[in-house]
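Read-outs throughout are calculated quantities, based only on the coordinates presented, and are distinct from any laboratory measurement. Not measured: the values here are computed from a predicted model. Cβ coordinates were reconstructed from backbone atoms using ideal geometry, including for glycine residues, and neighbour counts include every protein chain displayed.
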Amino acid sequence: MSKRSIDEVNELNKTVQSLAAVEDEANQLPNKRVKKRYEFAMTQYESAAQDSVNDPKTFTPPGYIKKVILKNFMCHENFELEFGPRLNFIIGNNGSGKSAILTAITVCLGAKATTTNRGTSLKDLIKADCNTCKIIIVLSNEGLGGFRQDIYGNSIIIERTFKRDSSSNQYKLKTENGREVSSKKRELDEIVDYFSIPIMNPMCFLSQDAARSFLTASTPRDKYSHFMRGTLLEETANNLRTTISTIKSVEATIHLHNQNVKELYKEYKEAQALLSTINSSATLNERKRILQGKIYWLNVVENEKHLNELQSLSSKCNEKIMSMEQKENNLTYNMTRLKVDLEDLSKQLQPHYDVMASRQEIFTETKLKLSEALSEIESKNREKIETTKTITSHKNLASTLKSTIKSLEEQLQKNTDEKQQTVHNELEKIRNTQRGIDELMNKYSVEIGEFNDNKIQLQENKQREKETLLQSINENQRQLKKIASGNNNLISAFDNNMHRVLADIEKLNQQGKFKQKPIGPLGLHVTIKESFQRDWARPIQKLLDSTLKSFVVSNQDDRRLLNDISRRNKVNIGIITRKMDIFDYSDGKAVSEYPTIADALSFSEKSIECTFVDMNKIETVVLISDRNKAKSFLEDHPSNVRQVLSIRDHKSGLVSSINVYNAFKIDTIYYSQRPLAMRTSTTNGEASYFRELIEEDKKRLGDLANKFDVKIENCAQKIREHKREMKKLNDEATALKNKATALEVDLERVVDTNELERSKADLETQERSIAVAEQAVTYLDTEILKLTEANEPLKRDYVEAKEALTTAQEEYNTIRQEINDKQGYVDTIIDKISRYKEKRAVYCQKKGELLNDTKKAESYITQTATAAAEYCTRDQAFADDVPNTNTDVEFELSRIDKQIRDAEKSIGMSQEEVLQFYDEAKSMFQEASNKIKDIRNAIDLLSKSVARRTDALEYAKKDTCLAADTDFKASLRFRNFTGGLVFDFSTETLNMMVKTPNDESARNVDSLSGGEKSFSQISLLLATWKPMRSRIIALDEFDVFMDQVNRTIGTKLIMEKLSSDNRTQTIIITPQDIGKIANLNGNSDDIRIHKMPDPQRHNNSTFYDKN
């Protein structure tokens, strides 16, 4: 390393001392600003605070914008607007150029185009078809605290011009009379800083994007970041960190200069040694012995330091081990208590489950009985209605018969001739024969129609079954090809649009919309084991179908979000709301030599398995392929068996069960022929299943002709036979008809006594039928009344059974939920204990290693100290004149050896030269040492100042946050809300806690309604502005996300908080009519409303309307 000259050391010293001097001067600034903030909040120089103000409430400090003039700026050709000193609203329709005014203010006061989000260059802000743009702002400089009033007067005119064909832009600072004072931006920055207008602070001039970002800040970290950046606490902290980094850099540089001082020290010692050599060489050997001992003693010191470090580390390990043991004991005690509670709850659970199952069976049986009874009453009512219709029909027929009998009796008295009686008898015989033929004809005709219908139905059934079989064969072949080609997408087995649902879930989860990502479809997480796949895949899928297609969410918010996704993609999915807890269900598993559904499946996670246990009781459903064995198995009443699943054929299965009354029940289930909605160990079983279905359908297609053609031919044969018989009967009927016609001609009007007798007999028959039917109606009324009365107990039993079942289910679910919660706590504790044991084991191992190292170090120190004592004592070795590093000692030893060897030789210079060399070396060493000492003192001074400023920053943080919290609470009281701001400096988060009149306690603002949340965000913005103390603040469209009610509340809050603030000029841009919202009639001293004309690109200074 090269040596640094004294000049370099001097230059470094000057730099650090200048830095310390600036820091000392800055230390006085907070005291000045405290006084300034109370009297002249917008002034940053002490000279402005020498006088007092008579009435601070009415006094308006200088520094606010009086007027803005825009020429060819954005949409404005020639625009002029005057502002009030306090609260200003700029209102107007979209496109009228409101936001352009705020952009012009920021640009004119020194902002770059990129910070406005309106363009990448100032040229982008020039009005279309124009080459030059000019912005003029008139600042108030009147009254106490003005800026260089002797030069500028009562107003400061700031003018900024930029051109499209030039990259330069020009500033002009003018007096109230228009005289140019300066064209330097530095002068503008001084004015802006003097009046405390932080133009680059995004929280002071909130554009639409900045306002939207702040008002919709979604996370506590975002809110904290906006608040710290706006109040300049973040900038202050960054400056302090930069200063600390500079100090470290200077300290590193000083380290380099220390090496130079050491080199000067060596030169000084060399000169001193030469001088000593000239005077005497007697002490050289004694010096050499001490230096040799010093090497040993330096080694002893280094090892003693190492020993102290080892002992300190060992002590810390002991503390950590004791701490881990204490935490383990506490957790073990808590876990023991939880396990005792779990045992008690588990004992309670099975009786509740038994009660619930028993009540379920009672409810089902009661419901069935009630349904059967109601069905019987309905049947009786229908029978009564039919009987009543029959009575009416019989009565009408009886009335007709009575009229006929009366007419026949009158004619019979006139015709009693024996011949007529004979003819009558012959006609009667013919008619009886004709009636027999008609009945046979009707019978044959009806049967022919039935045979025709059967034939047509058989043909339709044949065609329909053929089409069904062909469609099934084609579909199964298509599925088989997909399996063979490897394109059998499991997701499409749930629904063709299921991939869209999963994509939407993933997208919203990445956006943080879900509190916990939904799991599903659950079939994606289930695999049927290979040994069960061929026979049991379809039956199990049918039984678990709804659950396999379902998703699991942990809360109602995620459920609503998933419902929206389902409706949007037109996919019908089941949603299970459940915490993904795990539990041991082995005690509730079926006791059987046969496997259960739980044995046939494997799951990606234990929590998924527990979900199926909860939803489908898969541990209680036994798999027995033979239905007879299943029945025998159930008759033995095995423990924990709810159902038995059996195989019927390739397309259907059986579900068997026995209720508490020992009634055997069996239901048929039909498999779905769509692909499996769960994973398989191999595709061979699935392919084999579809091949068997295809072969079976082909066989049935071949048997279709034999099955239907014989029946169709039988129907056709019957039709032909009946038609032949009908032809014979028709010929016979024609002959009888001709004979009867001849007899009737002879008889003429002779009355047929047989007809009279038949009519009387028919009348008696009708009357008997009426009597029987009326008795039947009476009987049915009695039966219906009895059944209705008998049903009342059934109805009561049904209601009681339903209520009992509901109560039992609630009690069971309560205990089950409590078990799940406590089991979760136990699992968490077990994980913590395991981690603490691992940490303790690591610390114990480290402690053992430290003890071994300590013993070795003590032994080595003893040996080395013994060797060192042979040369010199420890005090001699560490005398002030002995070097303190091995390098220096070895250097001096080498030098002494050389001196001893050359002592008698000429030293190569005269006595005067040696003295001169000694004086120069001593002077340079002392001067360099003093300079380094001065530099160190300057660094210490600066470090202490930084420490004080760091403490002051922490106090300022608390004070600023307290002021913001107080203002936030005051704003909440505007709507009778309470709450506050919760700052966490360690996690850098800001939470807004609000309690509405309807709340029992304060809650996070994210859980409030939209209007309440918007009001809270406006309150936070006002609370952020409160400690900022900016002379001018602006906000663009704060109410864009509010409805009319909350817009009115927010506007009135802003008016109440800001209209009376004479220390800050506020400019708020909104498209709403503030006058109507806040019921204001015109402008006032505190509030100005500036209405922009509708979007028309003409000289709007002519049309400007002061409302």
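Helix 911-972 against the longest principal axis of the chain: what's the angle in degrees, Cα atoms only, rounded to the nearest 10?
On a 0 to 90 degree scale, this one is about 40.
Rounded to the nearest 5, what % of DSSP beta bridges with both residues in the chain are antiparallel?
70
With axes computed from alpha carbons, what is the tilt in degrees of helix 29-39 against the longest principal axis of the chain, rounded to the nearest 10 within 0 to 90?
The two axes meet at around 60 degrees.
If you average the sequence gap of Cα pairs under 8 Å that are 6 or more apart and divide by the length of segment 484-702, what percent do you get for the contact order?
Here the relative contact order equals 25 percent.
Taking amide H positions as placed in the peptide plane 1.01 Å from N, state which residues far from ILE126 in sequence (5 or more) or on other chains have amide H under 5 Å from it.
Those lying under 5 Å, H to H, from ILE126 are MET74.
Which aspartates and glutamates, on any chain, are close to LYS163 with Cα under 19 Å apart, when same-chain ones fewer than 8 places away are left out?
Hits, sequence-local ones excluded: GLU77, ASP124, ASP129.
Kindly write out, for segment 874-888 in residue order, the coupling ³J(HN,Hα) from the Karplus curve 6.51 cos²θ - 1.76 cosθ + 1.60 (θ = phi - 60°), rounded to whole Hz, with x marking Gly and Pro.
5, 4, 5, 5, 10, 5, 4, 8, 9, x, 10, 10, 4, 4, 5
Quick one: net charge of ASP821's neighbours, Cβ under 12 Å, K/R +1, D/E -1?
-1
Give me the net charge of LYS846's neighbourhood, meaning all other residues with Cβ under 12 Å from the Cβ of LYS846; Lys, Arg count +1, Asp, Glu -1.
The answer is +3.
For the residues THR668, THR219, what sequence is obtained by ranking on other C-beta atoms within 10 Å, fewest first?
THR668, THR219
Of the cross-linked pairs LYS517/LYS1013; LYS481/LYS606; LYS71/LYS1057, which ones have a Cα-Cα span greater than 29 Å in the structure shown?
LYS481/LYS606; LYS71/LYS1057
Using per-residue counts of other Cβ atoms within 10 Å, averaged over each peptide, order 763-774, 530-541 from highest down.
So the order, starting with the most tightly packed, is 530-541, 763-774.
Over the Cα atoms of the chain, each weighted equally, I'd like the Debye log10 I(q)/I(0) at q = 0.07 Å⁻¹, rounded to two decimals.
Each listed q maps to, in turn, -1.07.
What value, in deg cm²/dmol to 500, does the helix sum -39500 (n - 2.57) over DSSP H runs of n ≥ 4 give at 222 nm once divided by the residues of the chain?
-22500 deg cm²/dmol
To check you understand DSSP bridge types, tell me what percent of the beta bridges within segment 484-702 (both residues inside) are antiparallel, rounded to 5.
65
How large is Rg over Rh for segment 484-702, taking Rg from the Cα atoms and Rh as the Kirkwood inverse mean of 1/r across Cα pairs?
1.00
Relative to the longest principal axis of the chain, what angle (0 to 90°, nearest 10) does the C-alpha long axis of helix 233-279 take?
In the chain, helix 233-279 runs at an angle near 40 degrees to the longest axis.
GLU80's amide H: which non-local residues (gap 5+, or another chain) put their own amide H closer than 5 Å, with H modeled 1.01 Å from N in plane and none for Pro or chain starts?
LEU70, SER1101
Check ILE669: other-chain or 5+ apart residues with amide H under 5 Å from its amide H, H built from backbone geometry?
GLY653, LEU654, VAL655
How large is ³J(HN,Hα), in whole Hz, for each residue of segment 599-604 in order, when computed from phi with the Karplus curve 6.51 cos²θ - 1.76 cosθ + 1.60 and θ = phi - 60°, using x for Gly and Pro?
Listing the rounded values in order: 6, 7, 10, 10, 10, 5 Hz.
With θ set to phi - 60°, apply the Karplus curve 6.51 cos²θ - 1.76 cosθ + 1.60 along segment 836-844 and write out the HN-Hα couplings as whole Hz, x wherever there is a Gly or Pro.
The phi angles translate into 5, 5, 4, 4, 5, 4, 5, 5, 5 Hz.
Which entries in LYS316/LYS957; LYS67/LYS185; LYS718/LYS760; LYS737/LYS760; LYS127/LYS184 show an alpha-carbon gap greater than 32 Å?
From LYS316/LYS957; LYS67/LYS185; LYS718/LYS760; LYS737/LYS760; LYS127/LYS184, over 32 Å: LYS316/LYS957; LYS718/LYS760.
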